[in-house]
Amino acid sequence: MKQFLTLLLFLGLLFTSGVSYVSAQDEPLTKEEWQKQMTEWTSKRDALQSQLTKLGKEIDDLKAQSSKLDADIAA
């Protein structure tokens, strides 16, 4: 759970810094610069989504393990 909250905090900070970065630019981007940024942000998004999926699976596995241990104690 702590890892999940840390990831959410990281995503929030990443989003905030991205908004700050975009608003801090003085001149418009060329098409090539825009495409490069979109490629970079898409790559970062995909990596974060992959990490989030892995953490979600880890949480589910730990919940299952906890339930099994609780059942073993009750038996």
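Candidates are the residues of the stretch 17-53 that are aliphatic (A, V, I, L, M) and at pLDDT 95 or above; the one that is farthest from MET1 (Cα to Cα) is MET38.
Against the test of being at pLDDT 95 or above, surrounded by 10 or more Cβ atoms within 10 Å (Cβ to Cβ) and part of a helix (DSSP H, G or I), the options LEU8, LEU62, LEU14 yield a single qualifying residue, LEU62.
The values are calculated or read from the model by the stated rules, or taken from the named source; none is laboratory data. These numbers come from a predicted model, not from an experiment. Counting neighbours? That spans all protein chains shown, and the Cβs are built from the backbone with ideal geometry, glycine included.
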